[in-house]
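Remarks on the structure that follows.
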Amino acid sequence: MTKKETIRDRLIRRFYTKFKPTADRKGTMRSLAANGQRPEILIISCIDSRVSASMIFKAEPGEMLNHRHIAGLVPPYDPAWEKTGAVLPAIAASIEFAIRDLKVGTVIVKGHTHCGGIRAYIEGTAGSAVRSWMENAGPIMDRLDRSQDSEALLRQAERECVKCSFHNLLTYPAIRSARKENALVVEAWIHNIEDSVLLHLDPAQGEFIEMEENEAPALSPVESR
Ligand SMILES: [Zn+2]
């Protein structure tokens, strides 16, 4: 009887049969190891298995930094963190490292539809750790229209969560000083997973606007390969 392949076996096989031969042939990873990475963007998103930025944007090694946690939520920066010597949330270190050290020029917080973390929070079924983390989005609870059906309510909560994260992002010192120097673009996006559509937040209107394929410039011959 053949042994059933586990997820662990599958990953090891994929690494050595798919990733490594390409990396070795192109020399990409060797060059990135020798010369360091120069990513241009930090993407903050949910840990959900359907929304990885590297996956949906077909990222190349070295191209983007990913910070992922439940709902991609960004808590507001608290100056007291530094004074009390408290351990800062991981997101604070990721933002600082991306902007101060790696000089990325773009930060995007990317939410998604059908977010399990947000659903658990608004429906009151979240475990204690998830609930505690989602309290960072506490102010959104007052803005929700509870007269809607549960799916419409979840869509509204997802949008409010991303808006909340976007405004909180602007409170981080590294982001504030890079924006002062016009060295940083900060945006908030939502990935509709059901129909693979991307929307971006218009901060002035507080509305999400669908992005069309023709908003993107034509691919270079290299990218379109
Ligand atoms: Zn999620």
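The values are calculated or read from the model by the stated rules, or taken from the named source; none is laboratory data. On a predicted model such as this, the values are computed, not experimentally measured, just so you know. Ideal geometry is used to build each Cβ from the backbone, glycine not excepted, and the neighbour counts take in all protein chains shown.
Quick rundown of the values:
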read-out: The lone exception for Ser128 - which of (1) in contact (Cβ under 8 Å) with a residue 12 or more places away in the chain; (2) among the polar types (S, T, N, Q); (3) closer than 27 Å to Leu144 by Cα it fails; value: (1)
read-out: Of residues in segment 126-153 being in a loop (DSSP other than H, G, I, E, B) and farther than 27 Å from Ile95 by Cβ, the one nearest to the ligand (Cβ to nearest atom); value: Leu144
read-out: Test: residue in segment 53-64 that is among the aromatic types (Phe, Trp, Tyr) and modelled with pLDDT of 95 or more; value: yes
read-out: Residue match in segment 191-198 (condition: in contact with a Phe, Trp or Tyr (Cβ under 8 Å, 6 or more places away or on another chain), of a type outside the set (Gly, Ala, Ser), modelled with pLDDT of 95 or more and surrounded by 13 or more Cβ atoms within 10 Å (Cβ to Cβ)); value: yes
read-out: Residue satisfying condition, being assigned to a loop (DSSP other than H, G, I, E, B) and either within 24 Å of Lys103 (Cβ to Cβ) or in contact with a Ser or Thr (Cβ under 7 Å, 6 or more places away or on another chain) (or both), within set Glu60, Glu82; value: Glu60
read-out: In segment 26-65, the residues that are loosely packed, with under 12 Cβ neighbours inside 10 Å, within 16 Å of the ligand (Cβ to nearest atom) and among the hydrophobic types (A, V, I, L, M, F, W, C); value: Met55
read-out: Counted residues, segment 82-125 - those being of a type in the set (Lys, Arg), within 16 Å of the ligand (Cβ to nearest atom) and in contact (Cβ under 8 Å) with a residue 60 or more places away in the chain; value: 1
read-out: Lone unmet requirement of (1) of a type outside the set (Ser, Thr, Tyr); (2) touching a strand residue (DSSP E or B) at 6+ places or on another chain (Cβ under 7 Å); (3) part of a helix (DSSP H, G or I) for Asn66; value: (3)
read-out: Any hit, segment 52-65, residues being over 20 Å from Ile175 (Cβ atoms) and touching a His at 6+ places or on another chain (Cβ under 9 Å); value: yes
read-out: Only listed residue being closer than 13 Å to Ile175 by Cβ, at pLDDT 95 or above and part of a loop (DSSP other than H, G, I, E, B), chosen from Val109, Val104; value: Val104
